[in-house]
Amino acid sequence: MKTLRLFSLLLAAASTLSAQTAEEKAVLTPVNAMFDGMAKRDAAAIKATFVPGATMVLMRDGTPGQMTADSFADRVGRPSTTQPPTQIEERIHDPLIRIDNDLAVVWAPFDFLVNGKVDHCGTDLFNLVRNKDGKWLIASVADTGRKDCPAK
């Protein structure tokens, strides 16, 4: 009897996890699209992941740097002037995602790579909203950035 009860609890937990996973993937869609746009240095693609007027706060050495998402996209979207071109990539891992109706938060450690090597790391915090069409968009981003990244 205990085995059957445990099995039932595991099945219920697995079905709950599946439902959350689908919604979590939907929340991560604009985050991953922003990172893809960054890697391609495509300002329009980056801007498409944000609500109009979205903001960013980038913490560096205890000092907040604030900018609009549009100005961030324009800055990152500029082609590299080095030869060969500088390749950038941001990777998050182990995201903590919380969702309440049309509001979501993603908290995730990240590594930022330049030409395939970790340049800096930290934690990203994304606030997202779901629009009336059911599409998740980034409302704001905050992150920490430091150079003392663990070796991988």
Result for region 34-94: accessible area per residue, probe 1.4 angstrom, in square angstrom, of 60 Å²
By average Cβ neighbour count within 10 Å, what is the ranking of 55-61, 25-31 from highest down? 25-31, 55-61
How large is ³J(HN,Hα) for each residue in region 82-92, as worked out from phi by the Karplus curve 6.51 cos²θ - 1.76 cosθ + 1.60 (θ = phi - 60°), to whole Hz, x for Gly and Pro? 8, 10, x, x, 5, 9, 10, 7, 10, 10, 9
So if I place +1 on the C-beta of Lys and Arg and -1 on the C-beta of Asp and Glu, and nothing else carries charge, what would the dipole magnitude of region 28-152 be about its Cα centre? I want it in debye, nearest 20. 180 debye
What does the C-alpha gyration tensor say about the overall shape of region 83-124? Classify as rounded when a/c is under 1.5, otherwise prolate if a/b is larger than b/c, or oblate. prolate
What are the extents of the Cα atoms of the chain along their three principal axes, listed from largest to smallest and rounded to whole Å? 68, 41, 31
Residue farthest toward the positive end of the dipole of the chain, with Cβ of Lys/Arg at +1 and Asp/Glu at -1: which of Pro109, Met59, Gly145? Pro109
Roughly speaking, what is the stretch gain from Leu103 to Ala39, that is 0.36 nm per residue apart minus the C-alpha to C-alpha distance, in nm to one decimal? 20.4 nm
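The values are calculated or read from the model by the stated rules, or taken from the named source; none is laboratory data. Owing to the predicted nature of the structure, the values given are computational and were not obtained by experimental measurement. Counting neighbours? That spans all protein chains shown, and the Cβs are built from the backbone with ideal geometry, glycine included. When the accessible area is computed, the model is the full protein with side chains, heavy atoms only, and any ligands, DNA or RNA have been set aside. Shrake-Rupley method; radii C 1.70, N 1.55, O 1.52, S 1.80 Å.
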